[in-house]
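Take a look at the structure below.
The values are calculated or read from the model by the stated rules, or taken from the named source; none is laboratory data. These numbers were taken from a predicted model, which means no experiment stands behind them. We place every Cβ from the backbone using ideal geometry, glycine too, and count neighbours over all the protein chains shown. What goes into the accessible areas is simple: the full protein's heavy atoms, side chains included, and nothing from ligands, DNA or RNA. Shrake-Rupley method; radii C 1.70, N 1.55, O 1.52, S 1.80 Å.
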Amino acid sequence: MADRRSIAGRRAVGRFFSPYEVSDFGLESLASMCRIHTRTGSHDRTLLAPGGMKRARAVFVQWGCVQTNAHGSARLWKGKIFFFRGAGRSYMPEIYSRGSFRAFSVPESFLREIVQRDASIGAVLLQLSLKQQQIADDIYGVRADPPVARVATLLEYLAEERSMPVWDVETGAVVGQKTKHVIDGPTQSDLAEALGLGRATVEKALAELRKSGALAAPDRRRNRYYEIADTDLIRLISMGMEP
């Protein structure tokens, strides 16, 4: 069992840091102390971090959608992001999954130790922190854009590529795979809360995006599911073009 956990830890850490140049020491160190968190095929909320000031764990989200709550503000984030009570931050937000996800966590005291010993880990975490701050400014900062543009911006950010089966209409057999850009997990209320908009306003914006062709029609078999039908169009709408 320990060997399986070790292999799973190395795989999880390796995949998260694969786009970056990180030392083998840093990867092996994180893998040795990581705890895997995963859920598929469920929209149940899973608490990844309880928040607060004590006994916090740094959380690295590989894929899926998570919601953070800190000081009354809710935000939605997608994979390839991490949360850490680093220097100058005394509070760790609550972190919940919104749909299927995969993540891992390590004790924050251990992560601080690794950062001090391995400059490559520290450099990557700095890049990720700066990127996360830019996302927060672009999506959740004060904006005078119309609601449909703000909703389009959030959906474009949250969308992840998924390989979906293509079914033959007549035989029902799978005849291939197609890459789609989807958001799976957050409710309309989650979107509204993250943007500081009313739920009715978000519902109207989603209807406008579907009417324009930027979003696909709702899938009655899937709840909390949004498929981007035209990536170029939703980007233009997020930049201010009327749908």
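Computed quantities for the displayed model
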quantity	calculated
Cβ-Cβ under 8 Å pairs, at least 6 apart or on other chains, the range 171-188 side within 14 Å of residue 229 (Cα to Cα), far side aromatic (Phe, Trp, Tyr) and at pLDDT 90 or above	182/226; 183/226
Whichever residue in the range 185-203 is modelled with pLDDT of 90 or more and not in a helix (DSSP H, G or I) and, among such residues, is farthest from the chain's Cα centre (by Cα)	198
Subset of the range 65-99 that is over 18 Å from residue 113 (Cα atoms) and charged (D, E, K, R) - its residue that is modelled with the lowest pLDDT	94
Looking only at the range 183-240, and only at residues there that are hydrophobic (A, V, I, L, M, F, W, C) and open to solvent by 50 Å² or more (accessible area, probe 1.4 Å), the one that is nearest to residue 162 (Cα to Cα)	229
Enumeration of residues in the range 194-223 that are touching a strand residue (DSSP E or B) at 6+ places or on another chain (Cβ under 8 Å) and within 24 Å of residue 143 (Cα to Cα)	194, 206, 209, 214, 215
Pairs, first farther than 23 Å from residue 77 by Cα in the range 95-117, second hydrophobic (A, V, I, L, M, F, W, C), C-beta under 7 Å, six or more apart	110/33; 114/30; 114/121; 115/121; 115/125
Segments classed as helices (runs of 4 or more DSSP H), wholly inside the range 76-165, with at least 2 members that are within 15 Å of residue 29 (Cβ to Cβ) and open to solvent by less than 70 Å² (accessible area, probe 1.4 Å)	108-117, 119-135
Single unsatisfied condition, residue 207 versus (1) more than 23 Å from residue 68 (Cα to Cα); (2) touching a Gly at 6+ places or on another chain (Cβ under 9 Å)	(2)
Qualifying residue in the range 55-64 (condition: open to solvent by 20 Å² or more (accessible area, probe 1.4 Å), modelled with pLDDT under 80 and either out of contact with any His (no Cβ under 9 Å at 6 or more places or on another chain) or among the small types (Gly, Ala, Ser) (or both))	yes
